[in-house]
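One structure below.
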Amino acid sequence: MKSTLLRSAVATLGVLILLTLGWAWLTLHWTYSEGERAGYVQKLSKKGWLCKTWEGELALVTMPGAITEKFTFTVPDDATARRINALAGERVVLNYQQHRFIPSSCFGDTEYFVFDVSKVREANSPTIPLPNSPQLTQ
């Protein structure tokens, strides 16, 4: 009786572990959405008690004087985090993937995972031709 109960408990635990691992694999490999966000990185830090992840904030500035919106993101690898840090103070474009319903915060605090970064090339501002100043005659 005890061995049957023990086998049943171990089998149930094994099924639960397999379901959890399957769910984690599915949520990390299935992308809900992909996109780009442009702005200035305000913060990028490696944090966590047990699982250290890179977490950051991007300030989305639409026009000068407007209230900025924050885009929080997770960087899954150190190489991308180093590239983001190298572009500190510059306007950047972050390419991200959104993964929904991840079962643990060990993979990141947000559902937006940045996999690439590039510097925004500022366009030359158009020059406005100035009218000829009137010539003073003497």
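All of the numbers you see were taken from the coordinates with simple rules; none came from a lab. Being a predicted model, the structure only gives us computed values, none of them experimental. Using ideal geometry, Cβ is built from the backbone for each residue, glycine included, and neighbour counts are taken over all protein chains shown.
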Of residues in region 27-53 being touching a residue at least 40 places away in the same chain (Cβ under 8 Å) and among the hydrophobic types (A, V, I, L, M, F, W, C), the one surrounded by the most Cβ atoms within 10 Å (Cβ to Cβ): Val41
Candidates Ala59, Ala24, filtered to the one that is in a strand (DSSP E or B) and surrounded by 13 or more Cβ atoms within 10 Å (Cβ to Cβ): Ala59
